[in-house]
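Undergrad: I'd like to ask you about the structure that follows.
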Amino acid sequence: MRTPFVRIAAASLLVPAVVSSPSFAGEFKFSGSAHYYYRDFYDTLASPPGETSEIRRLRPVFEYKGERWSARFMPDLARETNKALEAYVDFTPDAAWDLRVGRFKSSASVDQLKSSNAVAATEVSGVASMTSNRDNGILFGYGKPKDRWRYEIGVFDGAADDEVKGSLDGGAEAAARVVRTFPLDKKGAFRLGLGVSGGNREGDADYARLARYRTPGRSTWFRYRSGAYADGSTGRISGFADYYGGPRYAQAEVVQSRETVRLGTDRVSVAHRGWEVQAGYVLTGEDRTYGGVDPGNFVVPGLDTPVAVELTGRVGRITIDNDAFEAVSDPLSNGRRADLAGLALGLWFDNKWRVTSEFSVVRVANAASGDNDTERVLTVALVMVF
């Protein structure tokens, strides 16, 4: 049957401001964010160099927070389809464990799990795109915020890499994740995490949702042939390490994403692999946390506006399974490997408003010839949080 394994059970909470409600004994809250992107291409993979701009994200957020449960609904009005990005309910009957039901971030990638308002670069890491964006499911978690161990286990519909679950694929996927925190001092901590998932997806050529990988400039450098669809086992293995200490942070991730793809009579199991390393430093001295930077040490003369300045570098690689090019992906028009390097300068303002400029270079090795195509792009992202 091509029906979702888990149906969304969260209602839209359409209220214009924070108000108290005696019947719910909690609080309704309205917030949101808007992201505007400008890109100047010096080299591209396909189209001529030039400038582009877009409203990348437009996300109002409606939330209810009570003592034992909460709910969240977040559409993305900038998306052409599948606009209901998040809709879930959280149950927290005990401080040590929690339960989430609905559509939400189910990824085992630490960078994918961050708020898009808090990432250091202009886009999430390349390996984050090798995990699902959002999925429909049920997630059980154990571990208080200050505990050294955090455990999570859940069951989901099963979304393709970097996809929001919205297709009619059948099947389901189980996932588990564990994170160990090592406090280093009053402000610093080092974490290690491991995630694993496995299941089955049964797709349809007319409604296929398969992995495709894109550059920071949003150019697609790998996709499957038209008519290919999921048909069998799927799963991911991921690991990460990160460190936050004062103005410094570092993060490393590795991911293997496996799926079974059918095209006509050909059926292939493929496993793509990727890694990425990031490191950053807040030049104005504020603490860098998982949620971003709160400015305060430097005030712009004449404007009475605090600004924090962050410098971030990253490198990474994604490698496509050779078996994909035997039948289900065209080697002439797709890459076998993509290498990324980027340097970003971020300006953080009050309320997490941010302007980030990143110059990134991606080299894609063609699967047939081995020749490198290069994308060089300057991306400026304006992030407005309200």
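Undergrad: Could you list, bin by bin from short to long, the percent of Cα-Cα pairs of the stretch 30-177 in 10 Å steps?
TA: 10, 33, 37, 14, 5, 1
Undergrad: For the chain, what is the mean residue ellipticity at 222 nm derived from helices alone (per DSSP H run of n ≥ 4: -39500 (n - 2.57); sum divided by total residues; nearest 500 deg cm²/dmol)?
TA: Per the formula, 0 deg cm²/dmol.
Undergrad: Mean 1/r over all different Cα pairs, inverted: what Kirkwood radius does the stretch 240-317 give, in Å? Please list the in-between numbers first.
TA: Values: mean 1/r = 0.0644 Å⁻¹.
15.5 Å is the Kirkwood radius here.
Undergrad: Hey, another quick one. I need two numbers for the stretch 281-361: Rg to one decimal and Dmax as a whole number, Cα atoms only, in Å.
TA: My reading of the Cα-based Rg and Dmax gives 19.6, 63 Å.
Undergrad: Here is a further query. If the cut-off is a Cα-Cα distance under 26 Å, which lysines reach LYS186, setting aside same-chain residues fewer than 8 apart in sequence?
TA: Within the straight-line limit of under 26 Å, LYS186 reaches these lysines: LYS114, LYS144, LYS146, LYS352.
Undergrad: Using θ = phi - 60° and the Karplus curve 6.51 cos²θ - 1.76 cosθ + 1.60, what whole-Hz ³J(HN,Hα) does each residue of the stretch 40-45 get, with Gly and Pro shown as x?
TA: 10, 8, 9, 9, 10, 7
Undergrad: What would the Debye equation give as log₁₀ I(q)/I(0) for the chain at q = 0.07, 0.08, 0.14 Å⁻¹, counting only Cα atoms as equal point scatterers?
TA: -0.32, -0.43, -1.39
Undergrad: Right, something else. To two decimal places, what compactness ratio does the stretch 130-205 give when its Cα radius of gyration is scaled by 2.2 N^0.38 Å?
TA: Against the compact-globule rule of thumb, the ratio is 1.36.
Undergrad: I've got another one for you. Taking R0 as 51 Å, what FRET efficiency do you get between ASN297 and GLU326 from their Cβ-Cβ distance, rounded to the nearest 0.05?
TA: 0.35
Undergrad: Taking the Cα centre as origin and putting +1 on Lys and Arg beta-carbons and -1 on Asp and Glu beta-carbons, what dipole magnitude results for the chain, to the nearest 20 debye? Could the numbers behind the result be given before it?
TA: Working: 49 positive and 49 negative charges, 137 e Å.
With Lys and Arg at +1 and Asp and Glu at -1, about 660 debye.
Undergrad: Taking θ = phi - 60°, what integer Hz values does the Karplus form 6.51 cos²θ - 1.76 cosθ + 1.60 yield along the stretch 182-198, in sequence order, with x for Gly and Pro?
TA: 10, x, 10, 7, 5, 10, x, 7, 10, 10, 10, x, 9, x, 8, 8, x
Undergrad: For a label point 7 angstrom out from the Cα of LEU194 toward its Cβ, which stretches of the stretch 149-185 have the backbone nitrogen within less than 16 Å?
TA: Under 16 Å, as judged by backbone N against the label point of LEU194, lie 149-153, 175-182 of the stretch 149-185.
Undergrad: Averaging sequence separations of C-alpha pairs under 8 Å and six or more residues apart, then dividing by the length of the chain, give the relative contact order as a whole percent. Each step should come with its number before you reach the end.
TA: Working: 1141 pairs, mean separation 54.5, N = 386.
Reported as a whole number, the value is 14 percent.
Undergrad: Note the per residue figure in Å³ for the convex hull of the C-alpha positions in the stretch 316-378. Intermediate results must be reported in sequence, preceding the final value.
TA: Details: hull volume 6.5 nm³, N = 63.
Here the figure is 103 Å³ per residue.
Undergrad: How many nm separate the modelled label positions at ARG79 and GLU27, each set 7 Å beyond the Cα in the direction of the Cβ?
TA: The two pseudo-label positions are separated by 2.8 nm.
Undergrad: Quick check: residue separation of ARG317 and ASP206 times 0.36 nm, minus the Cα distance between them. What number comes out in nm?
TA: Fully extending the segment from ARG317 to ASP206 adds 36.8 nm.
Undergrad: Still on this structure: Just want the answer: with Cβ charges of +1 for Lys and Arg and -1 for Asp and Glu, which residue in GLY370, VAL255, GLY313 is farthest toward the dipole's positive end in the chain?
TA: Result: VAL255, furthest along the dipole toward the positive end.
Undergrad: Which three numbers, in whole Å and largest first, are the semi-axes of the equivalent ellipsoid of the stretch 228-268 derived from its Cα gyration tensor as √(5λ)?
TA: Output for the stretch 228-268: semi-axes of 38, 8, 6 Å.
Only the coordinates and a few stated rules stand behind these numbers; no lab work does. Quantities reported herein were computed from a predicted structural model and do not represent experimental measurements. Positions of Cβ are backbone-derived with ideal geometry, glycine not excepted, and every protein chain shown enters the neighbour counts.
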